[in-house]
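Notes to accompany the following structure.
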């Protein structure tokens with residue numbers, strides 16, 4: 001009996017010691033401070049930038065852990081030459097037509113690659129400013145600024161979150177690349193002597209401060225699968241002028257002519273705060289047939 005009691009007590013002591021060790025380990029992980037950069041699972045952080053302006057976006061550097069830092073931590077980032085090639089290989093293999101591009105330094109500036117996490121701040125993060133001028137960028141391309149944490153003055157770097165590819169998304173007042181911008185189109189399409197009413201959902205992409213691109217007529221496309229050749233053949237451009245008029249021009253190879261009627265080519269904002277484009281033009285389809293369009297194009301919120 002005494003022997004059994006001794007064994008039971010020994011087991012209880014052992015279990016208590018093991019539990020204490022596990023709790024101590026858990027507390028160690030809970031309070032451990034690690035430095036990392038905010039991004040998604042592919043190390044991407046996306047920000048919209050207004051065409052026609054130089055605007056500032058931010059990369060966010062965090063300190064993880066349940067307790068606040070007790071002293072300032074300096075974090076230095078640097079250019080990462082391996083990030084974009086790795087991303088392209090993993091996602092697209094040999095299909096170079098879909099490759100992401102590194103944003104040319106002429107389009108952005110980073111004044112200081114160092115940020116400081118302040119001990120006297122309530123926040124556990126600091127922001128690295130990036131000034132971006134997106135003018136001249138193409139809405140069909142993916143642009144990254146690849147960065148990684150180079151060093152920290154204290155604590156550890158989270159190796160799984162030390163990288164970030166800052167993605168520049170284009171936008172203007174009429175469309176954005178953050179999500180697909182749709183307009184609802186109604187009007188009349190005329191082929192030869194045959195006229196018919198139309199109703200179609202149109203994808204519109206930003207090109208510059210006051211220009212958007214879309215497919216002529218009732219042609220449409222899927223942004224994830226459309227080819228450069230399709231865009232060149234079917235895309236046209238609407239310039240939204242300050243005097244409330246609209247000018248229609250080709251984007252690349254599509255032949256298009258504006259129907260010169262001031263009453264049919266203008267823009268307005270409706271009572272729902274949506275842009276409305278009233279347009280009249282004709283274009284040659286891929287068969288060489290002239291197609292005339294008189295349409296109202298309403299922005300969808």
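Distance between Cα centroids, the range 206-263 to the range 46-91: provide it in whole Å.
Rounded to whole Å, the Cα centres lie 35 Å apart.
If you line up the long axis of helix 2-31 against the longest principal axis of the chain, both from Cα atoms, how many degrees apart are they, to the nearest 10?
Helix 2-31 sits roughly 40 degrees off the main axis of the chain.
At 7 Å along Cα-to-Cβ for each site, give me the label-to-label distance between residue 150 and residue 273 in nm.
Label-label distance for residue 150 and residue 273, simple model: 4.4 nm.
Sort the following peptides by mean Cβ neighbour count (other Cβ atoms within 10 Å, averaged over residues), highest first: 63-73, 247-257.
For the peptides 63-73, 247-257, the packing ranking is 247-257, 63-73.
Thinking of the chain as a set of Cα atoms, what percent of all their pairs are more than 32 Å apart?
Of all Cα-Cα pairs in the chain, 48 percent lie more than 32 Å apart.
Cut-off is 10 Å between beta-carbons; in what order do 48, 96 appear when sorted fewest neighbours first?
Ordered from fewest to most neighbouring Cβ atoms within 10 Å, 48, 96 come out as 96, 48.
Given points 7 Å out from each Cα along the Cα-Cβ axis, report the residue 86 to residue 173 separation in nanometres with one decimal.
Between residue 86 and residue 173, the label points sit 4.3 nm apart.
What do you get for the angle between helix 83-92 and the principal long axis of the chain? Use alpha-carbon atoms, 0 to 90 degrees, nearest ten.
Taking Cα atoms only, the helix is inclined about 70 degrees.
Please work out the Cα center distance from the range 104-131 to the range 158-199, rounded to the nearest Å.
Taking the Cα centre of each part, the range 104-131 and the range 158-199 sit 31 Å apart.
Calculated from DSSP H runs of 4 or more alone, at -39500 (n - 2.57) each and per residue, what is the 222 nm mean residue ellipticity of the chain, nearest 500?
-5000 deg cm²/dmol
Let's test the formula: R0 of 51 Å, r as the Cβ-Cβ distance of residue 290 and residue 125. What FRET efficiency results, to the nearest 0.05?
Efficiency, from the Cβ-Cβ distance: 0.30.
In whole Å, what are the extents of the range 55-101 along the principal axes defined by its C-alpha atoms, from largest to smallest?
Taking max minus min along each principal axis of the Cα atoms, the range 55-101 gives 49, 28, 16 Å.
Step by step: find N for the range 28-81, compute 2.2 N^0.38 Å, then divide the Cα radius of gyration by it. What's the final number?
Relative to the 2.2 N^0.38 Å estimate, the range 28-81 comes out at 1.51.
Just to verify a number: FRET efficiency for residue 40 and residue 228, C-beta to C-beta distance, R0 = 30 Å, to 0.05?
So the FRET efficiency works out to roughly 0.65.
Using per-residue counts of other Cβ atoms within 10 Å, averaged over each peptide, order 171-184, 189-202 from highest down.
171-184, 189-202
Quick check: from the Cα gyration tensor, does the range 181-299 come out rounded (a/c under 1.5), prolate or oblate?
It is rounded, given that a/c, with a ≥ b ≥ c, falls under 1.5.
How big is the Cα convex hull of the range 196-249 in projection, averaged over all directions, in nm²?
The orientation-averaged projected area of the Cα hull of the range 196-249 comes to 4.7 nm².
Before anything else, pin down the relative contact order of the range 207-301: Cα pairs under 8 Å, at least 6 apart, normalised by residue count, whole percent.
20 percent
Based on the Cα atoms of the range 33-171, what semi-axes does the equivalent ellipsoid have, where each is the square root of 5 times one gyration tensor eigenvalue, given in whole Å with the largest first?
They are 28, 18, 11 Å, listed largest first.
Looking only at the chain, where both bridge partners belong to it, what percent of the DSSP beta bridges are antiparallel (to the nearest 5)?
Expressed as a percentage, antiparallel bridges in the chain total about 90.
Subtracting the Cα-Cα distance from 0.36 nm times the residue separation, let me have the gained length for residue 182 to residue 96 in nm, one decimal.
Taking 0.36 nm per residue and subtracting the Cα distance, the gain is 28.2 nm.
Along the Cα→Cβ direction, 7 angstrom out, place labels at residue 300 and residue 264. What is the inter-label distance in nm?
2.6 nm
Contour minus end-to-end for residue 191 and residue 160, with contour as 0.36 nm per residue of separation and end-to-end as the Cα-Cα distance?
Full extension from residue 191 to residue 160 adds 5.4 nm.
What is the extension gain from residue 118 to residue 257, computed as 0.36 nm multiplied by their sequence separation minus the C-alpha to C-alpha distance, in nm to one decimal?
In short, 44.1 nm is gained.
For the chain, what is the relative contact order in percent, using Cα pairs closer than 8 Å and at least 6 residues apart in sequence?
Relative contact order, the chain: 16 percent.
Considering the Cα positions of the range 106-255, please state its Rg to one decimal place and its Dmax as a whole number of Å.
For the range 106-255, the Cα-based Rg and Dmax read 21.8, 76 Å.
We did not get these values from a lab; they are worked out from the coordinates using the rules stated. Nothing here was measured: the structure is a model prediction, and the numbers come from that model. So basically every Cβ, Gly included, is an ideal-geometry build from the backbone, and we count neighbours across all protein chains shown.
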